[in-house]
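To start, the structure itself, in structure tokens.
The values are calculated or read from the model by the stated rules, or taken from the named source; none is laboratory data. The structure presented is a predicted model; accordingly, all values stated were derived computationally and were not measured. Neighbour counts are summed over all protein chains in view; Cβ atoms, including those assigned to glycine, are modelled from backbone coordinates with ideal geometry.
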Amino acid sequence: MTRRLEELFDLPPKVADVPESTQPGNDIENTLPILPESLATLDKIESALPAVKGLEASDTEIDELAKKATESYDSLMDLGMQVDSRYASEIFAVASTMLGHAITAKTAKLNKKLKMIQLQLQKAKLDQTADDDPNPTATGTGHILSRNELLQHLIRREQPKKP
């Protein structure tokens, strides 16, 4: 974080910038104030997490599939090293396919977690906008004019004033 951002958001300086005699301990309450609104928002997000069921089961299933694919890759690589060279190329091709499946399983697991985080952030944003005032204050005033009245008003503005 830069000093300009610290100054803009009125944050305390980084621990590396503070002299050693004045450095705070690891106690987070000493370094950053925790706002009750942020704690309430965090509680809302955490309460939304358990509503989605079966995520842990699918995570373990994906981990098991990735583990099986990695084990198959290892055993196929060992087999490919022990057979005649004319047959080894096919075994190595299958082994690389198994490793690709393991990588795909891990990638799918990460993408699912990122998607859940994205949905939680969208929900938090919607909750925040729903809590805002439904009748915002007016920032300007307007008048209903006909086309002719508007043209006359513009013509009057353009005419130079005589001293």
> Taking the range 101-120 as the region of interest, how many residues are surrounded by fewer than 13 Cβ atoms within 10 Å (Cβ to Cβ) and touching a Phe, Trp or Tyr at 6+ places or on another chain (Cβ under 9 Å)?
Replying inline: 0
> So which pairs qualify, if the first residue must be in the range 110-129 and within 17 Å of ASP43 (Cβ to Cβ), the second must be among the β-branched types (Val, Ile, Thr) and assigned to a helix (DSSP H, G or I), the Cβ gap must be under 8 Å, and the two must be at least 6 apart or on different chains?
Replying inline: GLN120/ILE45; LYS123/ILE45; ALA124/THR41; ALA124/ILE45; ASP127/THR41; GLN128/THR41
>> Cβ-Cβ under 6 Å, sequence separation 6+ or interchain: first residue in the range 72-99 and surrounded by 13 or more Cβ atoms within 10 Å (Cβ to Cβ), partner assigned to a helix (DSSP H, G or I) and not hydrophobic (A, V, I, L, M, F, W, C). Which pairs?
In response: ALA88/GLY80; ILE91/GLY80; PHE92/GLY80; ALA95/TYR73; MET98/SER72; MET98/TYR73; LEU99/TYR73
> Just for helices (runs of 4 or more DSSP H) wholly inside the range 33-135: which have at least 2 residues that are closer than 30 Å to PRO13 by Cβ and at pLDDT below 80?
Replying inline: 36-48
